[in-house]
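Visitor: Sharing a structure here in structure tokens format.
The values are calculated or read from the model by the stated rules, or taken from the named source; none is laboratory data. Nothing here was measured: the structure is a model prediction, and the numbers come from that model. Glycine gets a Cβ as well: all are built from the backbone with ideal geometry, and neighbour counts include every protein chain shown. SASA here: full protein model, heavy atoms, side chains in, ligands and nucleic acids out. Shrake-Rupley method; radii C 1.70, N 1.55, O 1.52, S 1.80 Å.
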Amino acid sequence: MALGKNSKIDLLRKVPLFAGCSKAELAELAMQTDELAIGEGRVLAREGQSGREFFVLVDGTVRITKNGRKLADLGPGEWFGEIALITRGPRTATVTASSPVRVLVLTDRAFRQVVQRVPSIALKVLASVGERLGADARS
């Protein structure tokens, strides 16, 4: 069953990258997401390859690995690939569906289009990234 706009907004609101965004800004982002069903065992992101998508898990679980070692398992409401929205750098880990999953996908291209229409989103995302980098530097 496909998610409605409000369900997409609720999922995006939980992502720290978008925490500062208003409901209207989240609605703009939500309109640019695609909902996909992906089978168990499929690789959604491969370590070392360039990434162009950000994912929010709707249903199911994924396993995150780096250099073949398990880092984490993620479930509904969790996300990955946020760096791809800001840089076109290589993926830092591999993400594999450990069950059938449904995901919201936001491509870097769609994100940039939203930011061109609603520049305030960019400022809020940059503030969020800055806070995360500052917290990492203090750790």
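Visitor: I need every pair where a residue in the range 41-53 that is more than 15 Å from LYS70 (Cα to Cα) and in a strand (DSSP E or B) has its Cβ under 7 Å from the Cβ of a residue that is at pLDDT below 95 and among the polar types (S, T, N, Q), sequence separation at least 6 or different chains.
Guide: Taking only residues 6 or more apart or on different chains, the pairs are GLU53/THR107.
Visitor: Among the residues of the range 1-28, write down those that are touching a residue at least 40 places away in the same chain (Cβ under 8 Å) and within 19 Å of PRO76 (Cα to Cα).
Guide: Within the range 1-28, LEU3, LYS8, LEU11, LEU12, LYS14, VAL15, PRO16, LEU17, PHE18, ALA19 meet the criteria.
Visitor: Among the residues of the range 1-13, are any closer than 22 Å to ALA127 by Cβ and open to solvent by 30 Å² or more (accessible area, probe 1.4 Å)?
Guide: yes
Visitor: Those residues that are under 21 Å from ALA2 (Cβ atoms) and open to solvent by 10 Å² or more (accessible area, probe 1.4 Å), I need them from the range 18-32; list them, please.
Guide: Result: LYS23, ALA27, GLU28, MET31, GLN32.
Visitor: Picking from LEU106, LEU57, LEU74, which residue would you name as being touching a Gly at 6+ places or on another chain (Cβ under 7 Å), of a type outside the set (Gly, Ala, Ser) and surrounded by 15 or more Cβ atoms within 10 Å (Cβ to Cβ)? Before the answer, list the steps.
Guide: Numbers: LEU106 fails: touching a Gly at 6+ places or on another chain (Cβ under 7 Å); LEU74 fails: touching a Gly at 6+ places or on another chain (Cβ under 7 Å).
The match here is LEU57.
Visitor: Name the residues in the range 33-54 that are buried (at least 20 other Cβ atoms within 10 Å of the Cβ) and charged (D, E, K, R), would you?
Guide: GLU53
Visitor: In this structure, does ALA127 turn out to be under 29 Å from GLY4 (Cβ atoms), open to solvent by 10 Å² or more (accessible area, probe 1.4 Å) and in contact (Cβ under 8 Å) with a residue 40 or more places away in the chain?
Guide: Spelling it out, ALA127 is indeed under 29 Å from GLY4 (Cβ atoms), open to solvent by 10 Å² or more (accessible area, probe 1.4 Å) and in contact (Cβ under 8 Å) with a residue 40 or more places away in the chain.
Visitor: Moving on to the next point. Tally up the residues in the range 83-95 that are assigned to a strand (DSSP E or B) and surrounded by fewer than 16 Cβ atoms within 10 Å (Cβ to Cβ), please.
Guide: Residues that pass the stated criteria total 1.
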